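Accompanying notes for the structure given below.
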Amino acid sequence: MRPEFIIPTFFIFFKMARYTGPQTKIARKFGEAIFGDDRAFEKRNYPPGQHGLAKKRGKKSEYAIQLLEKQKAKYTYGILEKQFRNLFKKASASRGVTGEVLIQLCESRLDNVVYRMGIAPSRRAARQIVSHRHITVNGELVNIPSYQLKAGDKVAVREKSKSLDAIERSLSNSSAVYEWITWNNETKEGTFVSVPARLQVPENIKEQLIVELYNK
């Protein structure tokens, strides 16, 4: 089991907006651990359901393949359809390659960077940390998980939150290093150095399929 943060009852409206069920079940649907290390997935890396192990995957249509890829991206980053579509529109209006820019916008979200820095063990937990007002950007408290960071922005754990066991535990278990992010474990502050190039992002997402789907 991956450590998560308990959401209080007064925050139930946030839970209802997103999928909060078993992550392993979703990972099995896509055939890969899209939420990170998952021992349960390693033991049962076949489709969910009563006949999952024996189920034969039929040939999918082009549309089905594209739709599945979009769903995988949305689940990976924990983004709702409306938000994801808006990111796509923003990527389409940019000068860069639409699919690559889409991934870069996802990676630039505050909740994703909090996760990448190791402050939270998952993006789901990172969203809660941000929403619960534990994170500052350039010295200012920011509680919007979808907040888009810019190159050079400083992300830190709020002073009063630095001793939280959940954050300390996550940081102690974190070993990932990313070229576009720096982190100082003593001050619990990091820098979003630059928007990552697509090749630097480890997520296995075929973004061109998503572009083709939205362009239909």
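Coordinate-derived values only; no laboratory data. Quantities reported herein were computed from a predicted structural model and do not represent experimental measurements. When we count neighbours, we look across all protein chains shown, and the Cβ atoms used for this are built from the backbone with ideal geometry, even at glycine.
See the values below:
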{"quantity": "Amide H contacts under 5 Å for Asp153, placed H, 5+ residues apart", "calculated": "Phe192"}
{"quantity": "Inter-site label distance for Arg169 and Thr187 at 7 Å from Cα along Cβ, in nm", "calculated": "2.8"}
{"quantity": "FRET efficiency for Leu141 and Lys60, using Cβ-Cβ distance with R0 set to 30 Å, rounded to 0.05", "calculated": "0.10"}
{"quantity": "Distance between modelled label sites at Gln208 and Lys154, nm, 7 Å Cα→Cβ extension", "calculated": "4.2"}
{"quantity": "Gain on full stretching of the segment that runs from Leu67 to Leu80 - 0.36 nm per residue minus C-alpha separation", "calculated": "3.3 nm"}
{"quantity": "³J(HN,Hα) computed for each position of region 104-113 - Karplus, 6.51 cos²θ - 1.76 cosθ + 1.60, integer Hz, glycine/proline x", "calculated": "5, 5, 5, 6, 8, 5, 4, 5, 5, 5"}
{"quantity": "Cβ crowding within 10 Å averaged over residues, with 61-67, 72-78, 156-162 ranked highest first", "calculated": "72-78, 156-162, 61-67"}
{"quantity": "Part-to-part distance (alpha-carbon centres) for region 68-131 and region 157-182, which is given in Å", "calculated": "20"}
{"quantity": "Cβ-based net charge around Leu110, under 15 Å, with every Lys or Arg adding one and every Asp or Glu removing one", "calculated": "+4"}
{"quantity": "Violating pairs (Cα-Cα greater than 20 angstrom) within the set Lys90/Lys206; Lys74/Lys154; Lys154/Lys206; Lys70/Lys206; Lys90/Lys150; Lys70/Lys90", "calculated": "Lys74/Lys154; Lys154/Lys206"}
{"quantity": "Separation in nanometres of the label points that stand 7 Å from Cα toward Cβ, at Arg95 and Asn215", "calculated": "2.0"}
